[in-house]
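Rule-based calculations on the coordinates, nothing more; no lab input. What you see is a predicted model, and the numbers here were worked out from it, not measured in a lab. Positions of Cβ are generated from backbone atoms using ideal geometry, with glycine treated the same way; all protein chains shown enter the neighbour counts.
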Amino acid sequence: MLHFFRNLFTGKNTTILQQALAKGAVIIDVRTPREYSQGHIKGAQNIPLNEIKLKSDIIKRWGKPVITVCRSGSRSLMAKNTLTSAGIEAYNGGAWTNLQILIG
């Protein structure tokens, strides 16, 4: 069954996310703290979307690529665009549950 779900996420985006993870990417969950507390990827940082721009300097100092996730992929795309505009290597991981399946 897990093999079935992993096959759903094959392709260019999956390869890019796997490469970012191999380079030590930090996963940022941009959902609210309440949403995050109801389930998240182990080790993911919780920085809500409304705080991303304010914390972009801190995130930039990490010196690592970033993968943003949320519930559906909409907020994570907005966060990814904000971080990319700030000069941070960022990728939209989409829904956190999908990325969790990908990384196992």
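Computed values, structure above
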item	result
Mean ellipticity per residue at 222 nm, deg cm²/dmol - from DSSP H runs of n ≥ 4 across the chain, formula -39500 (n - 2.57)	-13500 deg cm²/dmol
Spacing of the two label points (7 Å from each Cα toward its C-beta) at GLU89 and GLN45, in nm	1.5
Under-5 Å amide H pairs with ALA90, H placed in peptide plane, nonlocal only	VAL66
For GLN45, net neighbour charge (Lys/Arg +1, Asp/Glu -1) across residues whose Cβ lies under 10 Å away	0
Test item: Cα-centred dipole of the range 2-103, Lys/Arg +1 and Asp/Glu -1 on Cβ, debye	40
Gyration tensor (alpha-carbon) shape descriptor, the range 61-104, a/c threshold 1.5	oblate
Over the range 13-72: Kirkwood hydrodynamic radius from C-alpha pairwise inverse distances, Å	12.1
Net lengthening on full extension, THR97/TRP62 (0.36 nm per residue, minus Cα-Cα)	10.2 nm
Equivalent ellipsoid semi-axes - Cα gyration tensor, the chain, angstrom	21, 16, 11
